[in-house]
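Comments concern the structure below.
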Amino acid sequence: MPAPERLAFGDFVLQRSQQRVLLRDGSELGLTPRLFGALQLFVDHPDTLLDKDRLMQALWPGLVVEENNLSQTISALRRALGDEPAGRRYIQTVARRGYRFIAPVTALDDAEPPPAAMPAVAEPVDRPSRRLALAGAAVAAAAALAAAAFWRAGSGPPARATLAVLPFKPLAADSRDELLELGMADSLITRLSLVPGLVVRSVASVRRYAGNEQDPVRAARDLDVDWIVDGSLQRRGDQLRVNARLLRASDGSASWSDSFDAQFTGVFDMQDQISARVLQALAPRLRAAGVAQGLPDKPLGGTRSTQAYELYLAATRHAQPRRGDSLRKSITLFREALAVDPGYAMAHVGLAEALRETLLAADAAPADVFEPARQAVQRALALAPDLAEALSEQGFSRYYFDFDWPGAEQRFRRALAVNPNVAMAHFGLAQLLLTQDRPDEGMRHLRLARELDPMSAFLNALEAGYLLARGERDAARLRLQRALDIAPDFYLAHRTQALLHLADGRNDLALTELRQMAAGAGGNSRPQALLGMHLARLGHTAEARAILDRLLQRASRGYVPPISLAVLHAALGETALALDALERAHAAHDTQLVFLKDDPRWAPLRGQPRFIALLRQLKLDRYGPGLSPT
């Protein structure tokens, strides 16, 4: 008998296929994948003693973990369920044996509302429902045990641990060395990201936790990781003391800690020495013993110039908001870093990425971006042929600039084979797959990109847009709220909020969000065109035409992406002018053409012979329906 889809217990309903738990008011309980897996195992086995070995085997298949890992997971799950005092409502501890789920569990039909919250022990479980749950549990348990045997047999990858390295803190506020504090984390992240089976959060997501006020447990919750590495630095003259520790994210307890003393001989020597020693100490605890010795002494693609490194860090900070003004500043800083150290491969990659971002965020002309970005990638690969970030950027070049779909996919996959912790490689591959009728795999890579860089408003907002395009409105709202929590003024988040309002029929709210989006996009024509399109569709033709007239005036003085004009012409019913603009966009290699097949902005043009011919020229006609968040 198949396992039931929905199981009700206490104040909650577990939805198996959606991998989520809802409260009675419809809100979602935030659980990590491991906590959800533990809860599902319990509700599939109500009133049954699950011994510790069985639980550890199911939750960490193929890995040898300490019993303390299980107790911390159970404690975290109890806290999430509000099971206080511990074990009184849901999960009972059986001393020296294991745990038992004591709340009644009811299997729900698809159309059946959840019952009122039931007391934990006072009433017996409904027998038919319980038999159904147990029958499904047998299937789930067999699958879990088979999976565990499969991993142990070496037929697949083990479950991957997640970890974040926070910027190191100064022990004395008056002796800060911000370069060394962030640099130590950067060096460790670079090395740890190459450890097989370990998922490491990006530097971009952890840098906001710099300084003495950082709370590692809160950071772990924000970053959704199992483990946190943090540390402190104290420099006196030429002597440096480094304290480092590995913390369990569930409760902040230390699994390992140590101190290192070294003579300060320069920032990069210190990074190399300390990160190698920390990694060597962490390796056994992360089940990657021996990996540290195989890693390079010098991070691939790095620099030994303090000045170049400072410029690089400043450039990456300016690139994060993805606005035209900040991207232009970022490009200048990357070029200054390369003037200091032309052999700095990661700075070449950063320059290529910032140039590429100006196409969508700053109305840059493709002709001004293609060649310098391509040259930067080529220089990076000449310096470091296996640099995953450079391979990923080469994938974007083939995807956005060359419209070479197979070539782009090959580069993205090659980058991930070298280093599966490169968020942008997952993102690029996700977009390609989503536009080419492979939505499930595409969404998986999009989630992986966001999980690697969870504090990216850009990735959270984009995922929300794709979820909405798939019709998953509730999931889209949750992801969008995360983007707005991170960056309340981010224009792409307001775009997705507007699309959600439109899907709900709240047109006035949608237009308010679209106007806020256009105002916050720094002169970017694409948000203005999107606003104009929806104004036209909702009957505000005069306002839409005024936006088109302003963009046409700008185009007479300089470059405006032809697709921005095509969007407005199409919305205003000017089919021939819209097709003219799309053909100019193709000649200019406008990046947004990668979405042409599925983009809802082109609904009025789909049956036009010239539109169909353009799809054939781009070789997009060979793919089935895809997704576009626009």
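FYI, it's all coordinate maths here, none of it is from the lab. The shown structure was predicted, so the numbers you read here are calculated from the model rather than taken from an experiment. Cβ atoms come from the backbone with ideal geometry, glycine included; neighbour counts cover every protein chain shown.
With 10 Å bins from zero, work out the P(r) of the chain over every alpha carbon pair and list the percent per bin.
The calculated distribution, bin by bin, is 3, 14, 23, 24, 19, 12, 4, 0.
Per DSSP helix of 4 or more residues, -39500 (n - 2.57); summed, then divided by the residues of the chain. What does that give at 222 nm, rounded to the nearest 500?
Helices in the chain give a 222 nm mean residue ellipticity of -17000 deg cm²/dmol.
For Ala536, what is the net charge nearby, where nearby means another residue's Cβ is under 15 Å from its Cβ and Lys, Arg count +1, Asp, Glu -1?
Once positives and negatives cancel, what remains is +2.
Peptides 575-581, 326-332: what's the order by average Cβ count within 10 Å, highest mean first?
Ranking, from highest mean packing down: 326-332, 575-581.
Can you pull the three principal axis extents for the Cα set of the range 523-630, in Å, largest first?
Result for the range 523-630: principal-axis Cα extents of 38, 30, 24 Å.
Could you pull the Cα extents of the range 338-483 along its three principal axes, largest to smallest, in whole Å?
Its Cα atoms span 48, 31, 27 Å along the three principal axes.
Using the number of other C-beta atoms within 10 angstrom as an exposure proxy, rank Tyr344, Tyr209 with the fewest first.
Taking fewest neighbouring Cβ atoms as first place, the list is Tyr209, Tyr344.
For the chain, what are the DSSP H helices with axial Cα length of 30 Å or more and mean Kyte-Doolittle hydropathy of at least 0.0?
127-152
As a footprinting exposure proxy, order Arg97, Arg545 by other Cβ within 10 Å, with the fewest listed first.
Arg97, Arg545
Among the DSSP beta bridges whose two residues both lie in the chain, what percent are antiparallel, rounded to the nearest 5?
Here the antiparallel bridges make up roughly 80 percent for the chain.
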